[in-house]
Amino acid sequence: MRLKDKKQLALDIIEALKNECPLAQCSLEYDEAWKLLVSVRLAAQCTDARVNVVVKDLYKKFPDVNALAAASVDDIEKIVRPCGLGKSKARDISACMKIIRDEYAGQVPDNMEELLKLPGVGRKSANLIMGDVYGKPAIVTDTHCIRLTNRMGLVDGITDPKKVEMELWKIIPPEEGNDFCHRLVLHGRDVCTARTKPYCDKCCVKDICRKKI
């Protein structure tokens, strides 16, 4: 498909998903930037719903950046263990909070380059912070985004997250990227599912989707 046609397809899908899911928001619960940073690290190979439960105990014991930075890795791990990969996640969270405390005066960086230097922060996490916290152009290529954009024909057989992101930057208006990805998560959970046959009969983009399933 020509780039021009992909751009139009993207606009049509964006509009359809807006009508289906007017509210586009992250399913990870947070009220400060550093908490989203913690939650997105814990969400690796774990459901957002479980993360939202686990972090309540974490923040009760360590209510701010300074407290979490001062905590031992073992104490963090004891709380976050239900999210899986407890040791590595606790290590990354501890190191990340120390850097934010010591180098950024407790504030999470607002640019991609500095975010990617933080332990445990990849492009997906950095884009989420950029879009949700700072309102900057962002494309979060999680598993839903990768699966759906391939099925819909916006990308062609690409599964590498960074490559998918780069292809989507070519066709998604910058101001739409963050909300579009949140809507893909909602659509991917309820309609264009991974573990069952997609519910194409009730899909809002069934008439324009390329249906590469």
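What order, most packed first, do the peptides 67-77, 117-127 have when packing is the mean number of other Cβ atoms within 10 Å of each residue?
Ranked by mean Cβ neighbours within 10 Å, highest first: 117-127, 67-77.
Just subtract the alpha-carbon distance of residue 15 and residue 1 from 0.36 nm times their residue separation and send over the number in nm, one decimal.
In short, 3.0 nm is gained.
Show that you can apply the helix-only estimate: for the chain, add -39,500 (n - 2.57) for every DSSP H stretch of four or more residues, divide by all residues, and state [θ] at 222 nm to the nearest 500.
Estimated from H runs of four or more residues: -17000 deg cm²/dmol.
Loop only by DSSP, 16 or fewer other Cβ within 10 Å of the Cβ. Give me the trypsin sites (Lys or Arg not before Pro) in the stretch 131-213 that pass, ordered by residue number.
195, 206, 210, 211, 212
May I ask for the angle, rounded to the nearest 10°, between helix 86-103 and the longest principal axis of the chain, with both axes built from Cα atoms and the value confined to 0 to 90°?
80 degrees
Roughly how many nanometres apart are two label points built 7 Å out from the Cα toward the Cβ at residue 195 and residue 213?
Taking the two extended label points, one gets 1.8 nm.
With angles folded into 0 to 90 degrees, how steeply does helix 33-42 sit against the dominant principal axis of the chain? Use alpha carbons for both and round to 10.
80 degrees
State the extension gain, in nm to one decimal, for the chain segment bounded by residue 81 and residue 103, taking 0.36 nm per residue of separation less the distance between their alpha-carbons.
Length gained, residue 81 through residue 103: 5.1 nm.
Which of rounded, prolate or oblate describes the stretch 33-133 when judged by the alpha-carbon gyration tensor and an a/c cut-off of 1.5?
Because a/c hits 1.5 or more and a/b fails to exceed b/c, the stretch 33-133 counts as oblate.
For the stretch 108-213, what class follows from the C-alpha gyration tensor (a ≥ b ≥ c being the square roots of its eigenvalues): rounded when a/c is under 1.5, otherwise prolate if a/b is larger than b/c, else oblate?
Prolate shape, in that a/c is at least 1.5 and a/b is the bigger ratio.
Only the coordinates and a few stated rules stand behind these numbers; no lab work does. Keep in mind that what you see is a predicted model, and the values were worked out from it rather than measured. Cβ: placed from backbone, ideal geometry, glycine included. Neighbour counts: every protein chain shown.
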